[in-house]
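The values are calculated or read from the model by the stated rules, or taken from the named source; none is laboratory data. Note that the structure is predicted; figures quoted are calculated from it, not measured. Note that each Cβ is placed from the backbone with ideal geometry, even for glycine, and that neighbours are counted across all protein chains shown. To get the accessible areas, we keep the full protein, side chains included, count just its heavy atoms, and leave off ligands, DNA and RNA. Shrake-Rupley method; radii C 1.70, N 1.55, O 1.52, S 1.80 Å.
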Amino acid sequence: MLFLSFSMGTDRYLIDVHQIEEVLPRIGVKVLPGAPAGVVGLVSYDGIPVPLIDVTLLALGRPSEARLSTRIMITRYPSENGEQRLLGLIAERVTDTLERDPADFTPFGLEPGSPPYLGPVASDGPEIIQWVKVETLLSEEIRSALLRQAHMGG
């Protein structure tokens, strides 16, 4: 299975490339005043307004650093009615792909107190990598606000 890697702080995470529509450079963002924490705003993707989440802000409480390797991953996010909506994720060091067998990943034992998007882990040499599941990334507050807005807008 092919994954795209990104970083939050010094740690490396992976997303299944089948959940990614496209990877974009940092582009202009329409800020959404009063949006839930972690929501940066909206970006235009092929003329469609797409909600943008900063995964570093969501996880670490600080925005992703403005680096050349900071990218926007346009992902397919499943909505409650089974359709897929586009969701932008901004993250640091979006630079590499990695081929791994899903069986390489194992639960890490702290799941009950961890954010639901932090999936199983695997070793990659001396480093621990973690699989992020896009469908579990958003809190209920963010999911309902963004998907409601996306439904109203399109």
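Does the range 71-112 hold any residues that are among the small types (Gly, Ala, Ser) and under 24 Å from LEU57 (Cβ atoms), and which are they? It would help to see each step written out before you state the result.
In the first step, residues of the range 71-112 are kept if they are among the small types (Gly, Ala, Ser); the result is 79, 82, 88, 91, 103, 109.
SER79, GLY88, ALA91, listed by residue number.
Taking into account only those residues within the range 58-75 that are surrounded by 14 or more Cβ atoms within 10 Å (Cβ to Cβ) and at pLDDT below 90, which is farthest from MET8 (Cα to Cα)?
The extreme case among them is LEU58.
Please work out which residue is modelled with the highest pLDDT, limiting yourself to the range 31-52 and to residues that are touching a helix residue (DSSP H, G or I) at 6+ places or on another chain (Cβ under 7 Å) and open to solvent by less than 40 Å² (accessible area, probe 1.4 Å).
It comes out as PRO51.
Any residue that is out of contact with any strand residue (DSSP E or B) (no Cβ under 8 Å at 6 or more places or on another chain), modelled with pLDDT of 85 or more and among the charged types (D, E, K, R) - is there at least one of those in the range 8-27?
no
With respect to the numbered conditions (1) open to solvent by 60 Å² or more (accessible area, probe 1.4 Å); (2) in contact with a Lys or Arg (Cβ under 7 Å, 6 or more places away or on another chain); (3) modelled with pLDDT of 90 or more; (4) farther than 17 Å from GLY9 by Cβ, which one is the sole condition not fulfilled by GLN84?
Evaluating GLN84 over (1) open to solvent by 60 Å² or more (accessible area, probe 1.4 Å); (2) in contact with a Lys or Arg (Cβ under 7 Å, 6 or more places away or on another chain); (3) modelled with pLDDT of 90 or more; (4) farther than 17 Å from GLY9 by Cβ leaves (3) as the failure.
How many of the residues in the range 114-135 are modelled with pLDDT under 90 and exposed (fewer than 12 other Cβ atoms within 10 Å of the Cβ)?
Residues flagged as modelled with pLDDT under 90 and exposed (fewer than 12 other Cβ atoms within 10 Å of the Cβ) within the range 114-135 amount to 1.
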